[in-house]
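Presented below is the structure to which this report refers.
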There are 2 protein chains.
Amino acid sequence: MRALIFDLDGTLIDTVYAHVFAWQQALAEAGMPIEGWRIHRRIGMSGGLFTRAVAREAGRPLSDAEAESIQQRHGALFRKLLPERRPLPGAVDLLAFLRAEGIRHGIATSGRRPEIDVSLDALGVTGDMVVVDRGDVLRAKPEPDLFLACQERLGVEIRDCYVVGDAVWDLLAARRAGMLSVGVLTGGYGEDELLGAGAFRVYRGVDELHASIDELGL
Amino acid sequence: MRALIFDLDGTLIDTVYAHVFAWQQALAEAGMPIEGWRIHRRIGMSGGLFTRAVAREAGRPLSDAEAESIQQRHGALFRKLLPERRPLPGAVDLLAFLRAEGIRHGIATSGRRPEIDVSLDALGVTGDMVVVDRGDVLRAKPEPDLFLACQERLGVEIRDCYVVGDAVWDLLAARRAGMLSVGVLTGGYGEDELLGAGAFRVYRGVDELHASIDELGL
């Protein structure tokens, strides 16, 4: 019994560039301007880790309250920039296919409820689907906790799980969890970066993954 | 006599992610929603080329007036998203250094005046610096026209010009112009993508290029 564990942002739903821009604005307002590409390369790790990494680079100590307030501001800017969410091509179809075929699958995201609810709705995710979010575990990606929690809830063996993600953090967390991983280009990382981070295969998006699903031996 | 020809957006000034987001919104409003990463991978080509490429992919014929109107809307959204421009780290210092050392240099951008004026101001570009923009040539990147026009105005040989850019379009246009090129990561492309497109060297940004400038044999 094999299973697919999906990242959410940049993998199933097209939110990466709005996240980058919202973080850039929230950090600049807090006196920590940082280049867009450095944010982009960190999307997918937990907001807390990310905020602290930026503060350390800026050489600026950051209280827990400040870190929390920057994260809140990011969330507000993000919702304003992107009130509606757009599933990536093929995402809704792929989830429906897996469900119809009885192939186990779940979502494991560094995002947090209720922030991710609009995205889940756009994907047509029903209440009985396994969704593990930031609030369910102690440590977000690149720690393996999210993927391991998802695997436990799916009731499959670690070695039978494939992680599908767009960011090196997904692939790193998959490695730490002892799972194989598949990369998709829809988050804006290049193919070589994803292969270099451990993806055993890279597709342009989940639509291409769906069309090539036999290659995964599911 | 060697010369450096710089791309502007993503190379000297941190605008790529705002451009991606503004294009995404302008195209969605025009009934052509498209994924962020596909826009990102096309930033740096001319707005006209880009708009037509997207329309072709969407299988939708586009009149000149519509293409122009989408470009105008992109410009308006971009200015609203990013009223102030932030030079990338080291950009202002590098330009001042080249000027002080008498090393010829110029800017060649697919952007258009007056849209680029705020960026040039933020970089401290003076009126006597060679700046070639979209309005000066018939064809933007990836055609070589912008770089060749810049090279002519700098009064140097083609073989003595280095192009510095963040996007594959810069590197492709440089090849077509017969110039060597250097890539920077500040536009969000990965190192392998830039090397694969022909950069003979890749730096994290123009600050690292500046620190390593002896490697270019200028």
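Do the conditions hold for A:G196, that is, is it of a type outside the set (V, I, T), crowded, with 17+ Cβ neighbours inside 10 Å and closer than 30 Å to B:R41 by Cα? Against the criterion (of a type outside the set (V, I, T), crowded, with 17+ Cβ neighbours inside 10 Å and closer than 30 Å to B:R41 by Cα), A:G196 does not qualify.
Does B:G31 meet the test of being on the phi > 0 side of the Ramachandran plot, crowded, with 22+ Cβ neighbours inside 10 Å and not assigned by TED's automatic domain parsing to the domain that holds B:A177? It would help to see each step written out before you state the result.
Values: on the phi > 0 side of the Ramachandran plot: yes; crowded, with 22+ Cβ neighbours inside 10 Å: no; not assigned by TED's automatic domain parsing to the domain that holds B:A177: yes.
No: the conditions fail for B:G31.
What's the total number of residues in region B:129-154 that are touching a residue at least 60 places away in the same chain (Cβ under 8 Å), more than 29 Å from A:G190 (Cα to Cα) and surrounded by fewer than 22 Cβ atoms within 10 Å (Cβ to Cβ)?
First, pick out the residues of region B:129-154 that are touching a residue at least 60 places away in the same chain (Cβ under 8 Å): B:134, B:139-142, B:147, B:150-151, B:154.
Applying the additional criterion that residues be more than 29 Å from A:G190 (Cα to Cα) yields B:150-151, B:154.
In the following step, the residues that additionally are surrounded by fewer than 22 Cβ atoms within 10 Å (Cβ to Cβ) were identified as B:154.
Going through region B:129-154 one residue at a time, the tally reaches 1.
Which of the following residues is surrounded by fewer than 22 Cβ atoms within 10 Å (Cβ to Cβ) and within 18 Å of the chain's Cα centre (by Cα): A:Q71, A:Q25?
Numbers: A:Q25 fails: within 18 Å of the chain's Cα centre (by Cα).
Just a single option satisfies the conditions, and that option is A:Q71.
Across region B:62-74, not a single residue is classified as more than 9 Å from chain A (Cβ to nearest Cβ), part of a loop (DSSP other than H, G, I, E, B) and under 23 Å from B:A197 (Cβ atoms).
In summary, A:L94 fulfils each of the numbered conditions (1) within 14 Å of chain B (Cβ to nearest Cβ); (2) in contact with a His (Cβ under 6 Å, 6 or more places away or on another chain) with the single exception of condition (1).
Looking across region A:89-128 at every residue that is modelled with pLDDT of 95 or more and of a type in the set (D, E), the one that is surrounded by the most Cβ atoms within 10 Å (Cβ to Cβ) is identified as A:D93.
Of everything listed in (1) in contact with an Asp or Glu (Cβ under 8 Å, 6 or more places away or on another chain); (2) under 30 Å from B:T186 (Cβ atoms); (3) crowded, with 20+ Cβ neighbours inside 10 Å; (4) within 14 Å of chain B (Cβ to nearest Cβ), the single unmet condition for A:R86 is (3). Candidates are the residues of region B:5-33 that are within 9 Å of chain A (Cβ to nearest Cβ) and in a loop (DSSP other than H, G, I, E, B); the one that is farthest from B:E208 (Cα to Cα) is B:P33.
Applying the condition of being buried (at least 18 other Cβ atoms within 10 Å of the Cβ) and under 20 Å from the mean Cα position of the chain (by Cα) to region B:45-68 and asking which residue is nearest to B:G165 (Cα to Cα) yields B:M45.
Taken over region B:87-106, the criterion of being under 28 Å from A:W23 (Cβ atoms) and within 15 Å of the chain's Cα centre (by Cα) is satisfied by B:P87, B:L88, B:A91.
The values are calculated or read from the model by the stated rules, or taken from the named source; none is laboratory data. Small disclaimer: the values here were computed from a predicted structure and weren't measured. Don't worry about glycine lacking a Cβ; one is built from the backbone with ideal geometry, like all the others, and counts go over all protein chains shown.
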